[in-house]
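Notes follow the structure.
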Amino acid sequence: MRILLVEDESAIADTVLYALRAEGYEAVHCLTGGEALREAARGTFDLAVLDVGLPDIGGFALCRELRRERDLPVIFLTAQNAEADRILGLEIGADDYVTKPFSPRELATRVRVVLRRLRPGGSEAAPATEEGFVHDAEGKRIRYRGQALDLTRYEYGLLAALLQRPGAVLSRAQLMDRVWGDALDSGDRTVDTHIKTLRAKLREVAADADPIRTHRGLGYSLDNA
């Protein structure tokens, strides 16, 4: 697995590179966004770790450029207490974020988790396993732990949207746009209401499980378990 690390502070980059390589990854370090784009043009990467505050191209803009021709998982490095950065990063599709200062070993673990939960090619359906969700996108049907779910139109759309990026946090605004784009009079509370009904239906299948996770102030994510 090849990891692209874009971090303009060499001291931080050195510790991260050490931790990633200790986990068996091939890690390539770039100091600037421009250098990262040139490196990405020369070869493929399985995941990118991007500092938000780069000296030339901002981390968010760099993310958009890197994803123009490829589906690349991204973890952002953000400044402490930079809530706006975290929210914006998740809005544009970040798979995770880490707040500075951080443990390089923790970052390496997060890299491993993201790579494990995302299948190559960015498939929109979650992996089909007996223990988790099975999504038939063409038939607009979802099974959970072997049992078909009886879902309304919007419940299906909401769960399908979460299944497109298992483990990634999707904000209410993102979910509204993907599921309720044609319902102009709907508000953020609509998402919360449907999350509640979805959870109830999932508990009918497995009372001990709660695969939908709430991230306070950020949104929701889904574990395929």
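The values are calculated or read from the model by the stated rules, or taken from the named source; none is laboratory data. Quick caveat: nothing in here was measured; it's all calculated off a predicted structure. Counting neighbours? That spans all protein chains shown, and the Cβs are built from the backbone with ideal geometry, glycine included. Just so you know, the surface numbers come from the protein's heavy atoms only, side chains and all, with ligands and any DNA or RNA stripped out. Shrake-Rupley method; radii C 1.70, N 1.55, O 1.52, S 1.80 Å.
Quick notes on this one:
- Against the chain, whose longest principal axis comes from its Cα atoms, helix 188-205 is set at around 70 degrees.
- Label of the coordinate-derived value, Rg/Rh (Cα atoms, Kirkwood Rh), listed as (i) 0.96; (ii) 1.02; (iii) 0.99: (iii)
- Note on the chain: antiparallel DSSP beta bridges, both residues inside, total approximately 40 percent of the bridges counted.
- For the range 132-139, putting each phi into the Karplus relation 6.51 cos²θ - 1.76 cosθ + 1.60 with θ = phi - 60° gives couplings of x, 8, 10, 10, 9, 5, 5, x Hz, in residue order, rounded to whole numbers and with x for Gly and Pro.
- Ordering of 101-110, 32-41 by packing is 32-41, 101-110, highest average first (other Cβ atoms within 10 Å, averaged per residue).
- Since only V98, I195, L151 are under comparison, the one whose Cα sits farthest along the positive direction of the charge dipole of the chain, derived from C-beta charges on Lys, Arg, Asp and Glu, is L151.
- The range 9-68 - accessible surface per residue (Å², probe 1.4 Å): 49
- Placing pseudo-labels 7 Å out from each Cα toward the beta carbon at R189 and T214 gives an inter-label distance of 1.5 nm.
- Each residue of the range 3-11 was assigned a 3J(HN,Hα) from its phi angle through the Karplus curve 6.51 cos²θ - 1.76 cosθ + 1.60 (θ = phi - 60°); the sequence is 10, 9, 10, 10, 8, 8, 9, 4, 4 Hz, with glycine and proline shown as x.
- Bins of 5 Å from zero: percent of alpha-carbon pairs in the range 29-85: 4, 19, 34, 25, 12, 5, 2, 0
- For the range 1-45: rounded, prolate or oblate by the Cα gyration tensor [a/c cutoff 1.5]: oblate
- Descending by average beta-carbon neighbour count within 10 Å, the peptides 12-25, 153-166 line up as 153-166, 12-25, the highest first.
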